[in-house]
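Everything on this sheet refers to the single structure shown next.
The values are calculated or read from the model by the stated rules, or taken from the named source; none is laboratory data. Keep in mind the model is a prediction, meaning the values are calculated, not measured. Note that each Cβ is placed from the backbone with ideal geometry, even for glycine, and that neighbours are counted across all protein chains shown.
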Amino acid sequence: MTKSKFSGSRILVLGLAASVLATGSLAGKPTEVTDAEMAMLPPYCVDTMGFKYGDAYTNTSPNAPKWVALMGQGFWAMHHYCWALINIGRAQRPTMPANLRQGTRESAIGDMRYVIENTPPDFVMLPEIYTRIGEQQLALGRVSDARASFDKARSLKPDYWPPYFQWAEYLHRAGKTAEARAVTEEGLAYSPGAKPLQSLLVDLGGNPATVAPKTSASEPTAASPSQ
């Protein structure tokens with residue numbers, strides 16, 4: 001591969017490698033990843049570093065140019081997000097011992113924060129990643145942290161509906177119906193076609209048809225290539 005194929009990626013990849021060595025982030029890489037686990041990951045994961053392929057210069061995936069075109073050079077940090085998704089899946093298994101579940105979730109959060117810290121502030125995947133962090137923080141009982149993560153996801157992409165849904169659903173379970181309804185209606189105003197928000201608002205006693213849209217979108221919009 002020539003040096004011009006991924007402009008600027010050598011500096012990023014070297015920087016990521018240095019960060020891994022400095023922080024010990026390799027500890028987050030799951031062991032004995034199965035074919036079944038890989039099949040559950042977003043399609044770009046197999047093309048990230050650390051699975052079948054290397055970086056932009058060594059054993060590069062033939063599909064990497066497509067993902068770089070969609071994500072930018074931040075793609076070269078995305079193996080940590082894929083590791084996080086594997087650990088999230090493992091933490092959700094009822095067979096995982098309770099004493100290991102918390103550490104597995106914490107490891108996933110750490111890997112997702114690695115991506116945040118090693119990509120630009122406008123990286124296309126950040127709304128999804130902050131939402132995933134919020135989900136894990138809720139599972140760990142860190143409610144205020146989860147709220148901050150969902151708020152960040154919404155601020156980055158107001159018409160990305162999952163963080164509205166996740167936070168509103170938590171509020172609904174906590175018996176905070178008025179707050180849950182307000183969040184749900186805000187999400188629908190930005191993403192009127194989001195069916196999960198529509199259903200949740202009905203459960204909360206509201207009517208999706210009465211929510212005035214804040215954008216011209218009629219379908220839920222995607223935050224990233226994962227959607």
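Laid out as a table, the results:
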{"item": "Filter result for residue 163 (closer than 28 Å to residue 116 by Cβ, modelled with pLDDT of 95 or more and not aliphatic (A, V, I, L, M))", "result": "yes"}
{"item": "Hits in region 54-69 (condition: modelled with pLDDT under 95 and touching a helix residue (DSSP H, G or I) at 6+ places or on another chain (Cβ under 6 Å))", "result": "55, 56"}
{"item": "Among (1) part of a loop (DSSP other than H, G, I, E, B); (2) more than 18 Å from the chain's Cα centre (by Cα); (3) modelled with pLDDT of 95 or more - the single one residue 217 does not satisfy", "result": "(3)"}
{"item": "Search result, residues across region 48-67 that are part of a helix (DSSP H, G or I), over 17 Å from the mean Cα position of the chain (by Cα) and either aromatic (Phe, Trp, Tyr) or surrounded by 19 or more Cβ atoms within 10 Å (Cβ to Cβ) (or both)", "result": "64"}
{"item": "Selection status of residue 133, closer than 30 Å to residue 30 by Cα, assigned by TED's automatic domain parsing to the domain that holds residue 70 and touching a residue at least 24 places away in the same chain (Cβ under 8 Å)", "result": "no"}
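Each row is one residue, and each column tells you yes or no for (1) touching a residue at least 60 places away in the same chain (Cβ under 8 Å); (2) outside any loop (DSSP other than H, G, I, E, B); (3) within 17 Å of residue 51 (Cα to Cα).
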residue	(1), (2), (3)
80	no, yes, yes
87	no, yes, yes
95	no, no, no
99	no, yes, no
102	no, yes, no
105	no, yes, no
111	yes, yes, yes
116	no, yes, no
120	no, no, no
